[in-house]
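What follows is calculated from the coordinates using simple rules that are stated; it is not laboratory data. Values in this document were obtained by computation on a predicted structure and should not be read as measured data. Cβ placement follows ideal geometry from the backbone for every residue including glycine, while neighbour counts extend to all protein chains displayed.
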Amino acid sequence: MSETISTDVAIIGAGPAGLFAVFELGLLDIKAQLIDILPKIGGQCAELYPEKPIYDIPGFPVVSAQGLVDNLVLQIQPFHPTFHLGEMVESLEVLGTAERPEFRIRTDAGTTLEAKVVIIAAGGGSFQPKKPPIPGIHDYEGRSVFYAVRKIEQFRDRRVVIVGGGDSALDWVLNLYPVARRVTLIHRRDAFRAAPHSVNAMRELVAEGKIDFLLGQVAGLKGEGGQLSALTLRTENGEIADCECDDLLPFFGLTMKLGPIADWGLDLHENLVPVDTQKFETNVPGIFAIGDIVAYPGKLKLILSGFHEGALAAQKAHRYIYPEKKLVFQYTTSSTSLQRKLGVG
Amino acid sequence: MTRVTYIDAAGASRTVEAQIGSTVMETALRNSVPGIEAECGGACACATCHVYVAPEWTAIVGKPSQMEEDMLDFAFEVRPSSRLSCQIKVTPALDGLVVATPAKQG
């Protein structure tokens, strides 16, 4: 078990709202650490549409989603935020009182964080692998069906079937074939969205007879006690064929699920977290929520709304973290103290 | 008046009015038609607005673009009539369009 990390604020979600909250907190001398289930910074902007232009960020007539994320990361550099990426927050425990809140967060990677304030900036929830609707697939999950590869060794001498045409599918075909007894790639068409060099490498292995490629979609599973023995393949013209396999790895991209947030004692309204519009605090004192995940009358799911919400949440967070200090409102244009914090004074 | 009909996986049918220039996905969301999630909001980036175009409409609606075809790799039970509804723009020629939604989007 790793040691406990202490910080002022734990921010769950490293999308634009969470990133800008670091800035607003930083100006108030509040330190923050961010946790995100994705292995990269930027949330939906980075995962779903990095190349897409955004036209409604004030001051930017047009900016790409990734460009916005890169600029936000640059903007919060003076505050040296710590990122815990590729980790999902599993539990959020209340330790303190309503006046002096304190929280303990545990992630699925074993990180433990203690914070005086928590800001949930989780957008549409956590990105999790899409699970194909193959009848009975749940019975095999975790034993014979995996949506991510944690340990390559686990697949040694196994007959592995990988489904998909993207980078995850192709990367694992190339990484697992030296280890597995046999790797079979199944895809619905003979074209791939994955990087061309991976596709070429895969095609070479098929030509050399080292792996198999089958055209079609998985229609059914055969096995016993959670252990697969074969799967049923439906080809484009509707023919059904069996394909022997021990393990199945479907890669259909990611989808957003609310996930463990539902278990943290927060009021929820249609998978959103209700907050007040003065402090953006939830029903649990010390837990705030900002960005796409919140609900309040008139809420707009815009990035700019998330920025505003983070600024106001930071004001109230200051009262929890520095209860004895009075907060004086200052502008970055004129305050030498703020400018010093930003490293420009 | 342009109308679009959505048939869900259980066979229930809903016909709604569509604005010319909006997409079949937006029309579904605006009218609370279930079965279309559209997680990415119409960026052709998530494959959760997957529909099957009715056989009599496939020629009129047309084929998916290369980018959409790539994105369909992340949809389930893809058929030759599969499209992402955020990429189908409503035009007067599509009045009466019928699409079916799959059992599972994401």
Q | Positive minus negative residues near A:P196 (Lys, Arg vs Asp, Glu; Cβ under 12 Å) | A | +1
Q. Rg to Rh for the protein assembly as shown: what is it, with Cα atoms only and Rh by Kirkwood?
A. 1.01
**Q.** trypsin sites (Lys or Arg not before Pro) lying in DSSP loop within the stretch A:238-345, provided at most 12 other Cβ fall within 10 Å
**A.** A:K325, A:K326
(Q) Can you tally the net charge around A:L176? Count Lys and Arg as +1, Asp and Glu as -1, for every other residue whose Cβ sits under 15 Å from the Cβ of A:L176. (A) +1
Q) If we count other beta carbons within 10 Å of each Cβ, what is the order of A:F288, A:F213, A:F329, fewest first? A) A:F329, A:F213, A:F288
Q: Any chance you could give the angle, 0 to 90 degrees and rounded to 10, that helix A:65-75 forms with the longest Cα principal axis of chain A?
A: 40 degrees
(Q) Helix A:303-321 against the longest principal axis of chain A: what's the angle in degrees, Cα atoms only, rounded to the nearest 10? (A) 60 degrees
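Nearest 500 deg cm²/dmol is fine: what mean residue ellipticity at 222 nm does chain B get from its DSSP H runs of n ≥ 4 alone, each adding -39,500 (n - 2.57), divided by its residue count?
Rounded to the nearest 500, the figure is -3500 deg cm²/dmol.
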Q | Crossing angle, helix A:167-176 versus chain A [Cα axis fit, 0-90 degrees, rounded to tens] | A | 60 degrees
Q: Within the set of other residues whose C-beta is less than 9 Å from the C-beta of A:A289, count the net charge using Lys and Arg as +1 and Asp and Glu as -1.
A: -2
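How large is the helix-only mean residue ellipticity at 222 nm for chain A, computed as the sum of -39500 (n - 2.57) over DSSP H runs with n ≥ 4, divided by its residue count, in deg cm²/dmol to the nearest 500?
Per the formula, -6500 deg cm²/dmol.
If we count other beta carbons within 10 Å of each Cβ, what is the order of A:T107, B:T5, A:T282, fewest first?
If I rank by nearby Cβ atoms, fewest first, I get B:T5, A:T107, A:T282.
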Q. Reachable aspartates and glutamates from A:K52, Cα under 19 Å, same-chain residues fewer than 8 places away excluded?
A. A:D70, A:D292, B:E26, B:E39, B:E68, B:E69, B:D70
Q) In terms of the Cα gyration tensor, with a ≥ b ≥ c the square roots of its eigenvalues, is the stretch A:77-174 rounded because a/c is under 1.5, prolate because a/b exceeds b/c, or oblate? A) prolate
Q: Please return the longest stretch of chain A lacking exposed loop sites, where GluC sites (Glu not before Pro) count only if DSSP places them in a loop and at most 10 other Cβ atoms lie within 10 Å.
A: A:100-207
Q) Out of the DSSP beta bridges found with both residues in the stretch A:131-252, what percent are antiparallel (nearest 5)? A) 45 percent
Q.
So if I average 1/r over every pair of distinct C-alpha atoms in the stretch A:131-252 and take the inverse, what Kirkwood radius in Å does that give?
A. 14.2 Å
Q) What is the average number of partner chain Cβ atoms found within 10 Å of a Cβ in A:305-313? A) 0
Q) Excluding same-chain residues fewer than 8 positions from A:K279, which lysines have a Cα within less than 17 Å of its Cα? A) A:K116, A:K299, A:K316, A:K326
Q: Return the long-range amide H neighbours of A:A219 (sequence gap of 5 or more, or a different chain), with a cut-off of under 5 Å between placed amide H atoms.
A: A:T232, A:L233, A:R234
Q: Please work out how much length the chain gains when fully extended from A:T112 to A:N71, using 0.36 nm per residue of separation minus the C-alpha to C-alpha distance, in nm with one decimal.
A: 11.9 nm
Q.
Could you list B:K104, A:K130, B:K63 so that the one with the fewest beta carbons within 10 Å of its beta carbon is first and the one with the most is last?
A. B:K63, B:K104, A:K130
